1. For A:Ser89, B:Ser228, B:Ser294, which order do you get if you count the other beta carbons within 10 Å of each Cβ and list the fewest first?
2. Test of the criteria: in segment B:130-197, which GluC sites (Glu not before Pro) are in a DSSP loop and have at most 14 other Cβ atoms within 10 angstrom of their Cβ?
3. Partner chain Cβ atoms within 10 Å, averaged over the residues of A:73-86 - can you pull that number for me?
4. Full extension from A:Glu72 to A:Leu124: what is 0.36 nm times the residue separation minus their Cα-Cα distance, to one decimal in nm?
5. With each pseudo-label sitting 7 Å past Cα toward Cβ, what's the B:Arg304-A:Lys30 distance in nm, one decimal?
6. Taking each residue in B:360-369, count the Cβ atoms of any other chain within 10 Å of its Cβ, then average. What number comes out?
7. Label-point separation (nm) for A:Ser2 and B:Asp150, each offset 7 Å from Cα along Cα-to-Cβ?
8. Spin-label point model (7 Å from Cα, Cβ direction): what's the A:Lys101 to B:Tyr407 distance in nm?
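Readers should treat all values here as calculations from the given coordinates under stated rules, not as data from a laboratory. The structure displayed is predicted, hence computed values, not measured ones. All Cβ positions, glycine included, derive from the backbone under ideal geometry; neighbour counts span all protein chains shown.
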Amino acid sequence: MSQVLFSEDHEYIKIEDDIGTVGITDFAQKALGDVVYVELPKIGDTVEKGGQAGVVESVKSASEIYSPVSGEIVEINEALTSDPAQVNSDPEGAAWFYKIKIANDTELSSLKDAAAYKAFTDSL
Amino acid sequence: MRTNRAHMKTLRSQRQSGARLILGIFGKDNALDNTAEKMNTTVLHKTPLHALHVARGGKMVPFAGYDMPVQYADMGVLKEHLHTRAAAGLFDVSHMGQALLVGKDGDPAVALEKIVPGDITSLKPGQMRYTVLLNDDGGIIDDLMVTRWDETTLYLVVNAACKEKDFDYIEQSIGLETTLGPMPERALIALQGPKAAEALSALLPDAAQLTFMTSYKTAYNGRTLFVSRSGYTGEDGFEISVPEDTAAAFTEKLLENDAVRLIGLGARDSLRLEAGLCLYGHDLDEETTPVEASLKWVVAKRRRAEKNFAGADVIMQQLAEGTERLRVGIRPDGKAPMREGTELVDANGKKIGVITSGGFGPSCDAPVAMGYVDAAHAKTGTEIHALLRGQMRPCTVAATPFIQQNYKKD
């Protein structure tokens, strides 16, 4: 079963079994503008929920990516490093940042589903 | 995702966003911040082009007390930047301070030279010069453009955030000999890029005759415009002072040319950074002298001999003996942008300076920056490091501008 959840920091996580694919939302890429630089975590790193797991920068601003869940980084999307503009063109598809082996399922309950995330962004 | 925007001092100081989450300086958070602004008592000024910006998709943000377009919906910072270097960009810079300085008893340049180190008295009518207002310690109160109109009149353009401070300082310093007349009723439009001359000539045929750093007055629809060949992008271009009642119509007319597009403050900043031009409040401030700022050339030869400007003691000593720190260009070795506030260190990790402006240079397709370093590390080509997110990253002290300037010199 696959499921997509969202953080209030504008990361999404697509969950399949115990692996989550993490990126930034379409709302986030629109707000950032033209992305010119992406920094990814390293495979094998373990991150905490809310811990820094990368950087995304547009011409004018730098933002840190915070992991929506705790776990071990098992795969990174190296293509983003050479073509960061993908974050603007396909943020919730090809431009995922990393895959994480989810350490603790219970953390998922604090994330939002698509409807709740939309209500959240509409309120901003 | 949370945004680090410590590098945007000016914007930050004007905001009181209560939002925990902050997305992009020029992102949607501005809607949030605007709400916060409205809830405060702060009322943002609007330029005569405000409605035009909104109608044409300008993303409006508070800047220096004005509600200004940071980018436009159809292009965004990156495309706006590249368009300016390839064709022509139109910038609303009406927030800047325009004023006339008139001598009560002759040439106001004699009085102005007490507080600026440039050679102003020798300016011929129509000539303009970049200079700096100095305090008694040689610190830079503001940088500004001075244009001579005639024997008794100078036209000044100062930074938006410094207007009141500058005008007060001028009044206090040389108010007995001069009369200062701010002109808040005028808009200021910059048209920049290789197609600027062609676009402006269609409306003002004589404008193409101007050379870099000269100006003239002309009429448009019965109103007087002040036109200079100057700008803040490193490109050929013009700055045009227009009465507020004519500004929108004049701008619309320029925008009928397909080569001309509206450009926001975001690209204005990346364009000036690539051109190696200083931004007041970031690269220059009252604790920094022109010598430290690597702007020795603003201290004119005659003025060095006369030593009769504010802060001359300090500046002459620095010219003779050097300074502890200097402003330099910086090229980060990798792809990571290095922004204002980033600490610079030597190979041993010892702090040697700080970045004062930095980001991604779209025309360089690479990060570019400027900052202050200890004099021992200021030579072009010196390998230094920046402390970025706890890691030492190599960078190189580099000559500025980072792009080829395209001024119309003759």
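1. Ascending Cβ contact count within 10 Å gives the list A:Ser89, B:Ser294, B:Ser228.
2. B:Glu151, B:Glu185
3. So the per-residue partner count for this stretch is 0.
4. Stretched fully, the A:Glu72-A:Leu124 segment lengthens by 15.5 nm.
5. 5.7 nm
6. Per-residue shielding by partner chains comes out at 2.
7. Using points 7 Å along Cα→Cβ, the separation is 7.6 nm.
8. Here the modelled spin labels are 6.1 nm apart.
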